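Written below as structure tokens is the structure these notes are about.
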Amino acid sequence: MIKNVVSMTTQYPCNNSLVSDGSALTDIFRRLLRIRRIEEAIAVRYLEWNMRCPMHLSIGQEAIPVGISMHLTDKDHVFSSHRSHGHYLAKGGDLKGMVAELYGKETGCCGGRGGSMHLVDLKVGFIGSTPIVGGTVPLAVGNAWSASLKNIDRVSVIYFGDGCFEEGVLHESMNFASLYKLPVIFVCENNGYSVYTQLKERQPNRKISGIAKSHGLSVHKGDGNDVLGIASIADKAINSARNGEGPQFLEFQTYRWLEHCGQNDDDDLEYRPRRELLTWKNKCPIERLKTHIVEQCLVTEQQIDLIEHDIKTEISNAFEFASNSPEPSPAQMRNHIYAS
Amino acid sequence: MHRNITRKIRKISYSKAIREGIDQVMQESSNLVVIGEGVPDPKSIFLTTEGLREKYGKKRVFDMPLAENGMTGICIGAAIDGTRVLMIHQRIDFALLAMDQIINNAAKWHYMFDGQMTVPIVIRVIIGRGWGQGPQHSQGLQALFAHIPGLKVIMPATAKDAKGMMITALRDNNPVIFIEHRWLHHIEDDVPEEVYGSDIDKAQVIRRGSDVTIVASSLMVMESLKVAKVLSEIDIDMEVVDLRSVRPIDINTIMQSVVKTKKIIVVDAAWKAGGIAGEIVAQVVDNGFDLLERAPLRISLPEHPVPTSHYMADYYYQDAKEIAEQVMEFFGYQGNKESIFDLLNTGYHRDVPTKNFHGPF
């Protein structure tokens with residue numbers, strides 16, 4: 001749950017065009033909060049044993065996909081990896097289909113074949129997420145290549161973490177994207193950890209963005225917990241890609257609050273420095289926006305309560321849908337091995 | 001135009017047949033692209049892609065960075081989006097760099113997303129051999145690919161099939177691994193000029209016989225046919241089944257033959273352990289244990305890599321001579337084997353496919 005611990009250092013700069021647009025900010029707040037509440041509901045209900053699959057929650061990292069998706073349409077395509085709930089939801093992925101998928105039900109977005117680590121919603125351009133780190137990166141580039149060959153006006157977005165930056169396939173993909181100036185947005189969510197291992201144990205002391213720049217990509221860096229800053233960077237980068245200026249590399253610093261996989265806070269394992277988690281919780285992207293819009297009187301407490309209420313109802317309906325959905329029959333597992 | 005022209009059958013080589021198949025599908029399907037290391041270069045993948053860039057342009061015929069895994073993923077990503085892709089690796093060994101993309105994505109994308117998307121990609125991989133190709137340029141890795149549900153894995157042996165199966169593979173909506181042997185490229189066959197697709201999931205009896213069923217794939221079909229011809233002179237009448245596809249394995253066609261001959265020999269230019277030959281024998285035993293008059297025989301490669309030096313490598317492969325020797329032993333033939341070997345002797349070096357071959361690869 002969110003604590004009211006926003007520090008004074010996280011105010012928004014007044015040069016951001018969104019900072020005083022009440023309805024826009026309230027909408028962004030609603031999108032952020034919705035992802036947070038959905039993830040919290042999953043965490044709470046995970047112990048019920050109805051969602052029997054690995055679960056990589058993105059609490060603390062919601063701002064990045066929200067800030068980016070604001071500038072995408074349903075025609076733009078998104079790919080992701082194991083920690084993809086936020087990416088899927090921010091792109092407009094159907095909540096009922098997602099929760100039913102977590103339940104392994106026939107109505108799930110993959111008919112129960114995927115679970116948490118394989119989400120899809122083609123109607124809104126969420127093409128797919130898979131859990132092999134780096135596995136979907138070239139797919140997104142191929143998606144952009146295909147759009148370019150067919151002269152389709154579209155950008156392709158690929159989300160990945162700092163760990164993926166160590167995968168060779170990412171560099172192969174950036175090389176090709178750069179060679180053909182493809183409209184693809186590489187989004188590196190740098191949360192500093194690969195499972196329990198810190199970045200400094202895995203990469204030398206040089207900049208991730210510097211390598212991307214050397215591949216010929218346009219590089220943008222930002223605070224991954226500042227949704228308005230992210231939105232501003234995404235606006236620029238996505239426009240550049242749309243205008244034929246080639247692949248864009250966005251790196252955002254952020255932090256995962258819970259354990260790598262599962263519903264628990266695992267700070268007791270002490271693989272992260274003391275107080276590091278607390279420091280980042282103080283930079284909560286949702287509280288930060290909430291404080292701003294409340295202090296600037298852009299939203300009322302009543303409106304916030306209403307948003308909370310609506311989200312709660314939607315989540316409750318989604319879980320009820322999943323719970324009541326039919327189970328796939330064992331015979332169904334033999335379907336779709338080959339396409340006709 | 002004379003009407004008969006479209007029905008013309010000519011003798012053309014396996015590599016020209018592949019090229020013609022690709023060309024014809026590129027004509028009928030404007031969303032097919034061809035990509036691979038060396039595709040538009042002067043050697044044009046053993047002439048199988050010759051002139052395609054000149055004909056179809058740089059937006060359909062691509063060379064590619066030396067990034068087999070990433071590029072395979074990029075091709076899969078394009079295929080998911082409806083851009084049909086033919087990807088080419090000059091050596092099957094190079095495709096090992098791309099196994100993550102082939103197995104985790106291409107083979108499973110349709111399945112794991114509940115049939116919502118398809119992956120229309122053909123990956124051509126070439127098995128090299130001879131002229132010192134050595135341990136990493138010549139492996140028979142068909143079993144590795146055939147192990148994976150979601151892939152179709154084919155091994156055409158004749159030029160006619162090379163074209164027809166290429167056309168069918170390029171029209172298919174699934175990932176197809178098209179395995180071809182470098183030593184087949186020069187072999188000519190009657191190939192119709194018209195556009196035709198051949199089955200990519202069926203074996204085919206390529207020589208009728210009554211005494212034993214020989215199941216072989218790719219280059220081993222050609223070697224088995226040579227043996228069948230020679231052994232007919234000592235009254236061993238071999239029925240040769242061209243396997244054509246290793247996933248799926250067409251067990252029905254094999255069993256129809258075994259019902260008749262009651263004996264099975266499988267020739268597979270690969271390692272025995274965990275291989276296609278063992279799989280076929282297992283399926284034959286599953287389906288017709290009581291039919292078999294003798295224990296099945298597998299003719300495969302020694303369980304070690306091939307060395308580069310021809311002084312050793314010449315004794316590694318199981319060609320017509322070795323196949324004939326084992327078939328005669330299978331039948332307990334007591335006559336003069338040397339005269340048979342003489343008939344099979346090409347009188348030429350064993351590390352080149354033809355007298356016209358001058359290297360370098």
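Taking other residues whose beta carbon is less than 11 angstrom from the beta carbon of residue A:61, and scoring Lys, Arg as +1 and Asp, Glu as -1, yields 0. Listed by chain and number, the aspartates and glutamates whose alpha-carbon sits under 13 Å from that of residue B:43, ignoring those within fewer than 8 places in the same chain, are B:63. Bridging of residue A:221 to lysines at a Cα separation below 24 Å is possible for A:91, A:181, A:200, A:207, A:213, A:236, A:281, A:283, A:290, once same-chain residues fewer than 8 apart are set aside. Rounded, prolate or oblate for segment A:19-128? Axes are the square roots of the Cα gyration tensor eigenvalues, ordered a ≥ b ≥ c, and the cut-off for rounded is a/c under 1.5. Oblate shape, in that a/c is at least 1.5 and b/c is the bigger or equal ratio.
Placing R0 at 41 angstrom, the Cβ-Cβ distance between residue A:27 and residue B:28 gives a FRET efficiency of 0.25 after rounding to 0.05. Ordering B:196, B:234, B:216 by the projection of their Cα atoms onto the charge dipole of segment B:172-234, which places +1 on the Cβ of Lys and Arg and -1 on the Cβ of Asp and Glu, puts B:234 at the extreme positive end. Within the shell defined by Cβ-Cβ distances under 12 Å, the residues around residue B:27 carry a net charge of -1, with Lys and Arg each +1 and Asp and Glu each -1. The spacing between segment A:278-340 and segment B:158-201, judged by their C-alpha centroids, is 51 Å. Computed over segment B:12-192, the P(r) tail beyond 25 angstrom holds 26 percent of alpha carbon pairs. Between segment A:208-265 and segment A:35-52, what's the alpha-carbon centroid distance in Å? Going from one Cα centre to the other spans 27 Å.
Per-residue ellipticity at 222 nm from helix content only, as computed over chain B with -39500 (n - 2.57) for each DSSP H run of at least four residues, stands at -9500 deg cm²/dmol.
Applying the Kirkwood pairwise sum to the alpha-carbon positions of chain A produces a hydrodynamic radius of 20.5 angstrom.
Calculated on C-alpha atoms, the gyration radius of the protein assembly as shown divided by its Kirkwood radius gives an Rg/Rh of 1.06. Between residue B:66 and residue B:195, the contour length at 0.36 nm per residue exceeds the Cα-Cα span by 43.1 nm.
Of A:96/A:312; B:202/B:321; B:260/B:337, which pairs sit farther than 22 Å apart, going by alpha carbon to alpha carbon? Exceeds cut-off: B:202/B:321; B:260/B:337. Across all directions, the average flat footprint of the convex hull enclosing the Cα atoms of segment B:204-344 is 8.4 nm². Summed over both chains, the contact between A and B buries some 3300 Å² of accessible surface at a probe radius of 1.4 Å.
Using a probe of 1.4 Å, the accessible surface attributed to residue A:99 totals some 0 Å² when neighbouring protein chains are kept in position.
Net charge in the neighbourhood of residue A:268 (other residues with Cβ under 15 Å of its Cβ; Lys, Arg +1, Asp, Glu -1) is -3. Helical content alone sets the calculated 222 nm signal of chain A at -12500 deg cm²/dmol, taking -39,500 (n - 2.57) per DSSP H segment of four or more residues and averaging over every residue.
The listed residues A:164, A:53, A:261 rank as A:261, A:53, A:164 when sorted by accessible area, largest first, using a 1.4 Å probe.
The values are calculated or read from the model by the stated rules, or taken from the named source; none is laboratory data. Since this is a predicted model, take the numbers as computed values, not measurements. When we count neighbours, we look across all protein chains shown, and the Cβ atoms used for this are built from the backbone with ideal geometry, even at glycine. Accessible surface areas use protein heavy atoms only, side chains included; no ligands, DNA or RNA. Shrake-Rupley method; radii C 1.70, N 1.55, O 1.52, S 1.80 Å.
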